[in-house]
Amino acid sequence: MPSARPVWKGQIRLSLVSIPVELYSASKSGSRIRFRQIHEPSGKPVHYEKVVEGVGPVDTDDIMKGFEYEKDNYVLLTNEEIDAVRLETRKTLELTQFVGACAIDPLYFDKSYFVVPQDELAEDAFRVLRDALRSTERVGLGQLAMRGREYLAAIKPCSNGLLLETLHYEDEIRESEKFFSDIPEKKAEKDLLDVATELIERKTAAFDASTYRDHYREALREVIDTKLKSRGKKKVSTRKERETGGEGENVIDLMSALKSSLEKSGGKSRSTKSSGRKKKAS
């Protein structure tokens with residue numbers, strides 16, 4: 001069993017079968033670089049107080065949760081009233097529907113969690129669900145309550161276990177038309193499209209996350225390490241950034257850029273070869 005603490009413990013229910021499981025976050029944030037605000041003259045961290053306008057600092061015991069039902073007007077709820085809202089999905093994720101493995105638009109995916117059986121007794125039923133989803137190439141859908149809200153969730157096989165991905169509800173997704181409506185409904189020119197398509201084909205390969213690195217984080221870490229070695233100096237020199245040319249130098253013929261990219265990927269484009277043949281014929 002993993003050493004991390006589960007973020008949710010409950011059961012997955014498939015008809016009359018209940019499988020005790022635990023959820024663990026599939027991502028980790030420990031490798032991220034985090035900053036705190038520091039008061040420069042004293043070198044001490046900046047703290048924040050809960051303050052009410054015209055009153056000043058307030059005690060946390062006097063703070064309630066408020067829902068703004070109209071501007072500047074709130075209905076107040078106590079923690080007890082919120083906790084009294086009991087949902088069956090707090091402890092049970094019932095799989096109510098199954099869809100094709102590629103049927104959910106990636107736009108809806110939010111966070112990922114590893115799903116593992118709670119104990120050996122749950123492993124048999126867990127394996128049956130996992131293998132059934134894999135053989136049918138289906139994803140199970142259901143809802144569960146976690147961290148103060150109810151989530152729509154999708155479950156699918158992942159290695160020897162299951163992966164649960166929380167999904168956005170439909171009303172949480174912005175309508176794309178508001179952003180794309182000003183883009184003309186015009187098709188790309190065929191010659192440009194052919195070269196771009198060939199470039200994509202040549203660069204197509206199996207996804208391997210290990211080939212990608214967070215270059216910004218690495219550069220930032222380098223600045224921090226240099227700062228540490230400088231024994232508290234406020235200013236340090238960093239690697240010189242590449243100089244960029246003027247605006248005119250960036251205006252490049254699209255076809256030339258695509259062909260150059262194609263040649264760098266390992267060969268000339270079909271359109272380049274065909275143009276060469278035409279020149280010989282003339």
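The values are calculated or read from the model by the stated rules, or taken from the named source; none is laboratory data. In this text the structure is predicted, and so the values were computed from the model without any measurement. Neighbour counts run over all protein chains shown; Cβ positions are idealised from the backbone, glycine included.
Screening the stretch 165-191 for residues that are touching a residue at least 40 places away in the same chain (Cβ under 8 Å) and part of a loop (DSSP other than H, G, I, E, B) and picking the one that is surrounded by the fewest Cβ atoms within 10 Å (Cβ to Cβ) gives I173. Take the conditions (1) farther than 28 Å from R34 by Cα; (2) within 20 Å of the chain's Cα centre (by Cα); (3) touching a residue at least 40 places away in the same chain (Cβ under 8 Å); L199 misses just one of them, which is (2). The listed residues are D225, D208, and the only one of them that is of a type in the set (D, E, K, R), modelled with pLDDT of 80 or more, out of contact with any Leu (no Cβ under 9 Å at 6 or more places or on another chain) and exposed (fewer than 10 other Cβ atoms within 10 Å of the Cβ) turns out to be D208.
Just one of (1) surrounded by 10 or more Cβ atoms within 10 Å (Cβ to Cβ); (2) closer than 25 Å to Y113 by Cβ fails for R202. It is (2).
Screening the stretch 24-40 for residues that are touching a residue at least 60 places away in the same chain (Cβ under 8 Å) and part of a loop (DSSP other than H, G, I, E, B) and picking the one that is surrounded by the most Cβ atoms within 10 Å (Cβ to Cβ) gives A26.
Does the stretch 41-60 hold any residues that are assigned to a loop (DSSP other than H, G, I, E, B) and either of a type outside the set (D, E, K, R) or touching a helix residue (DSSP H, G or I) at 6+ places or on another chain (Cβ under 9 Å) (or both), and which are they? Residues satisfying the conditions are P41, S42, G43, V46, H47, Y48, K50, G54, V55, V58. For T166, the stated conditions do not hold, so it cannot be described as β-branched (V, I, T) and over 20 Å from the mean Cα position of the chain (by Cα).
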